[in-house]
Amino acid sequence: DAPAHVTAIAPYQAGKPIEELAREFGLDPARIVKLASNENPLGIPESARQAMLKVAGGLGRYPDPNGFDLKSALSQRYNLPLEWLTLGNGSNDILELVALALLDEGTSAVYAQHSFAVYRLATQARGARHIMVPARDYGHDLDAMLAAIESDTRVVFIANPNNPTGTFQPAARIEAFLEQVQARHGNHVVVVLDEAYNEYLDPELRFDSTMWVKRFPNLVVSRTFSKAYGLAGLRVGFAAAQPGLTDILNRVRQPFNVNSLAQAAAIAALADMDFQARSYQVNREGKAQLCKAFDALGLKYVPSYGNFVLVRVGDAARINLELLKRGVIVRPVTGDGLPEFLRVSIGLPEENETFIAALKQILQS
Ligand code: PMP
């Protein structure tokens, strides 16, 4: 028998794969539009594809367990020494490494309502207690999160921008939160600043949070190659933290957690400024396209800082099913306590249009 804290876990609900929907509804997979998992609609950068071809011949060997080349590239980009960096099998892996290293029975983790589902899952898997702090205006209530920290709390998870709501906390607020946690709890409480959608922020909102790890020994900044870099299927992310904390994460890390293709592709994608600029631009334009359509349909949505929009459609379960029948996959967030909302990832203009046309048809029928 599995322990009670494991059987209590409600498994992660991923976006429905295209092939599965095609089988279920007898649809042509080529005509299905998937806007469900906040993937990059541009697909993989050509530079990353080429980089993978170059290393393909070496796949008979294990990957570099220390990710030296990728870490060196990240070290240059973020101006941090190698021993401040941890690679993950997606940034999910980073979140789990933190939970594995710091949580167990008798400890707790704090996170916000309507934030990334893995914070709760990773906490539960360790048999630790999770303290969910009610959201404010669909986003993190940092004052309430600070107040919610208890004597057994070891980790606070913050998603900025947040998924699935798309909300964003400006630099000054995060910085004040980090200062207060440090002042009250020292290094007893580790703050994970999960910035999976950082690259989609408008330039005037971006701040170099990786620099904060120099000031805060209890901070882990987590980033991913799954979104703006277009490598979701390869599973690669990274964390920046001081060497002491990085060393702790490394102790619980699987030796070969990031595969050779992913390492090579990430190096290429990191250098591909043109692809990054296009990802940002396509997202910016697609967001405007979706929001304009929601306005025209009289639908309310949460202003988004990510590559997706949370829109209030009413009976989301029914509308989701109708969208599926029309070959459009989006993400219901009923499990997050948002039964009237759907989360739609921002696609290419024509994908957005297919979704909008289907939604319009459903709402007006
Ligand atoms: N953090 C947040 C806030 C996310 O939305 C996601 C992806 N849905 C992740 C982390 C994990 O992404 P990955 O493991 O692909 O890096």
What are the ³J(HN,Hα) couplings of region 295-307, residue after residue, when phi is run through the Karplus curve with 6.51, -1.76, 1.60 and θ = phi - 60°? Round to Hz, x for glycine and proline.
4, 5, 8, x, 9, 7, 9, 8, x, 10, 10, x, 9
Hey, what do the phi angles of region 120-135 turn into as Karplus ³J(HN,Hα) couplings, whole Hz, using 6.51/-1.76/1.60 and θ = phi - 60°, x for Gly and Pro?
5, 4, 5, 5, 4, 4, 8, x, 8, 8, 10, 10, 9, 9, x, 6
What number, in nm² with one decimal, is the all-direction average of the projected area of the convex hull of the alpha-carbon atoms of region 222-365?
11.0 nm²
Longest site-free stretch - the chain; sites: trypsin sites (Lys or Arg not before Pro), DSSP loop, at most 16 other Cβ within 10 Å:
62-205
Whether region 184-304 is rounded, prolate or oblate, judged on the alpha carbon gyration tensor where a/c under 1.5 counts as rounded
oblate
Of the residues GLY335, GLN169, GLN50, the Cα lying farthest along the dipole of the chain towards its positive end, which is defined by charges on the beta carbon of Lys, Arg, Asp and Glu, belongs to GLN50
The chain: longest segment with zero exposed GluC sites (Glu not before Pro), where exposed means DSSP loop plus at most 15 other C-beta atoms within 10 Å, is residues 151-339
Starting from the Cα-Cα distance between ALA357 and LEU205, subtract it from 0.36 nm times their residue separation and give me the gain in nm to one decimal.
51.5 nm
Rounded to the nearest whole Å³, what is the per residue volume of the convex hull around the Cα atoms of the chain?
149 Å³
Give the lysines reachable from LYS325 as a straight Cα distance under 23 Å; neighbours fewer than 8 places away on the same chain don't count.
LYS16, LYS34, LYS360
Could you give the dipole magnitude of region 46-272 about its Cα centre, charging the beta-carbon of Lys and Arg +1 and that of Asp and Glu -1, in debye to the nearest 20?
460 debye
Cleavage-rule hits, chymotrypsin sites (Phe, Trp or Tyr not before Pro), region 1-109, DSSP coil, Cβ neighbours within 10 Å at most 13
TYR12
Filtered hits (aspartates and glutamates, Cα-Cα < 20 Å from LYS292, offset >= 8 within chain) -> ASP202, GLU340, GLU350, GLU351, GLU353
Those aspartates and glutamates that a straight Cα-Cα span of less than 15 Å connects to LYS71, excepting residues fewer than 8 apart in one chain:
GLU83, ASP247
Options HIS188, ALA10, LEU85, ranked by Cα towards positive dipole end of the chain, top entry (Cβ charges):
ALA10
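When HIS140, HIS130 are ordered from fewest to most other Cβ atoms inside 10 Å of their Cβ, what list results?
By the 10 Å Cβ count, ascending, the order reads HIS130, HIS140.
Bear in mind that the values in this text are calculations on the coordinates, not laboratory data. Just so it is clear, the structure is predicted and the values come from calculations on it, not from any experiment. In this analysis, Cβ positions are derived from the backbone assuming ideal geometry, glycine residues included, and neighbour counts consider all displayed protein chains.
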